[in-house]
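The values are calculated or read from the model by the stated rules, or taken from the named source; none is laboratory data. No experiment lies behind these values; they were computed from the predicted model shown. So basically every Cβ, Gly included, is an ideal-geometry build from the backbone, and we count neighbours across all protein chains shown. Each accessible area value is taken on the protein alone, full model and side chains, heavy atoms only, with ligands, DNA and RNA left out. Shrake-Rupley method; radii C 1.70, N 1.55, O 1.52, S 1.80 Å.
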Amino acid sequence: MRPTSADRKTLLEAAATNHSGELTIAQRAAFQQKIAMIGYGVYGQAIHSRLPDHDIVPWERASTSRESSDLAITNLSKAIDGRGLLILAVPANAFPNVLNKIRPHPDSVVVSLAKGLIVPNWNPLESERSLRDGPPEGSNACTPLEYIEKHPNWKHVARNLVFVAGPGFAKDVKQGGYVGLTLSAASQGSERPTEALAKAFWVFSGMNGDRNIEIYNNSTALEVASSMKNIAAFAAGIILGIMKNNGGLEEDGAGGYRIVKRVSISH
């Protein structure tokens, strides 16, 4: 991965750090028990609501287009200061921007909730033309954990990366629905579970209510499968939206829909 000129400019700026200096075993344990949730959209809020017994400081980007949460702070340096477990709850396409602003301590544990693939040097949200034209020819996509492993600010925590898949729709999670999670570490090493995987398991097993947590060996396969599931869900949502707008669906009175006529979908 080669950073763009914009990336290089950002990397020259001072990135926020969560800790500096060496840590003893006791200090590292205390450090990793304090959590910063980077990103506080509906999914980040849903997960936070199910972890009432953990010390979590959520961070969200200051925005004038939507109402901010009363719990989140917008000062990134303050949000991560002294916090050794970083939960990345921002969308995959926000990784290049957010990761440029943070340089975590080598003993940090990084947990990614992001689903999707990242194409370095291409931002589909930059403009309508960027989205329409697609990534540059010859570009290679990578998963969020693969992107972290190569990023200049983050590559020194490559052995401390965990991906969490599931549990489902944020609305259901927040309302206390059944929780099923799959965790996978980026670097298994010779022993399983790794320290990072064990720490992530400790955090998410604290989710109140019914839960089922499994460990999966291949983090890349899990990330790709989760991305494909989201793509299928988006496609299904688009099709259902077209059908509804064209009178193909009718409410059944129980919060669902039934098909009442065939609709031609040509786009």
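Close amide-amide hydrogen proximity is noted between Ile213 and Leu181, each under 5 Å apart and 5 or more residues distant or on a separate chain (H modeled in the peptide plane; Pro and chain starts excluded). Shown for the chain: the carbon plus sulfur share of the solvent-accessible area, taken with all protein chains present and a 1.4 angstrom probe, equals 51%. Since only Leu23, Ala89, Gln33 are under comparison, the one whose Cα sits farthest along the positive direction of the charge dipole of the range 12-111, derived from C-beta charges on Lys, Arg, Asp and Glu, is Ala89.
Between Ala165, Ala141, Met207, the Cα set farthest toward the positive side of the dipole of the range 134-221 (charges on each charged residue's Cβ, about the Cα centre) is that of Met207.
In a simple Cβ point-charge model (Lys, Arg +1; Asp, Glu -1; nothing else charged), the chain has a dipole of about 280 debye relative to its Cα centre. Pairs of Lys residues in the chain that lie 8 or more places apart, or on two chains, and have C-alpha atoms under 19 angstrom apart add up to 14. Largest first, the extents of the alpha carbon coordinates of the range 47-201 on the three principal axes equal 45, 44, 32 Å. Of all complete DSSP H helices in the chain, those with a Cα span along the helix axis of 27 Å or greater and a mean Kyte-Doolittle hydropathy of 0.5 or more are 219-245. Annotation for the range 125-161: trypsin sites (Lys or Arg not before Pro) lying in DSSP loop with at most 15 further Cβ atoms inside 10 Å of their Cβ do not exist.
If the chain linking Asn246 and Asp55 were pulled fully straight, counting 0.36 nm for each residue of separation and taking away their Cα-Cα distance, it would gain 63.9 nm. Model label sites at Asp70 and Val224, defined 7 Å from Cα along the beta-carbon direction, differ in position by 4.6 nm. Just the Cα atoms of the chain, one point each, no solvent: what log10 I(q)/I(0) does Debye give at q = 0.08, 0.11 Å⁻¹? Listed by q, the Debye log ratios stand at -0.36, -0.68.
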